[in-house]
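Chemist: Okay, here's the structure, questions in a sec.
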């Protein structure tokens with residue numbers, strides 16, 4: 001990111017890239033978060049996964065899907081890839097997604113005007 005205007009607290013949209021990893025298998029997706037938070041608080045809010053939905057994913061390089069079961073519980077699945085191109089498919093409850101997160105990076109911010 002060339003310029004991050006973190007001195008004002010105006011409302012806007014952060015685009016963040018999330019890296020998932022399990023062993024040597026990795027994958028990424030990007031999503032947007034709106035609000036007036038900046039910097040670390042944006043990243044911290046994402047880690048809580050509160051309100052995170054699949055339709056908020058912009059670019060999905062790990063085939064991340066989120067689904068609801070008959071009991072109303074949310075699950076995720078993803079496909080991670082190693083350097084040789086071998087795949088690892090993984091599924092778990094949505095609250096376990098944060099266990100796979102090894103990196104979160106703000107890649108852009110667009111201020112609402």
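The values are calculated or read from the model by the stated rules, or taken from the named source; none is laboratory data. Remember, it's a predicted structure, so these values are computed and weren't measured experimentally. Ideal geometry is used to build each Cβ from the backbone, glycine not excepted, and the neighbour counts take in all protein chains shown.
Chemist: Quick check, is residue 37 surrounded by 13 or more Cβ atoms within 10 Å (Cβ to Cβ) and over 28 Å from residue 111 (Cβ atoms)?
Modeler: The answer is no for residue 37.
Chemist: Of everything in region 10-52, what is closer than 14 Å to residue 98 by Cα, without any contact (Cβ under 8 Å) to a residue 40 or more places away in the chain and in contact with a strand residue (DSSP E or B) (Cβ under 8 Å, 6 or more places away or on another chain)? Give them in sequence order.
Modeler: Listed by number, the residues that qualify are 28, 29, 45.
Chemist: Could you tell me whether residue 9 is at pLDDT below 90, in a loop (DSSP other than H, G, I, E, B) and surrounded by 12 or more Cβ atoms within 10 Å (Cβ to Cβ)?
Modeler: No; evaluated as a whole, the condition is false for this residue.
Chemist: State whether the residues of region 25-33 include one that is buried (at least 17 other Cβ atoms within 10 Å of the Cβ) and over 15 Å from the mean Cα position of the chain (by Cα).
Modeler: yes
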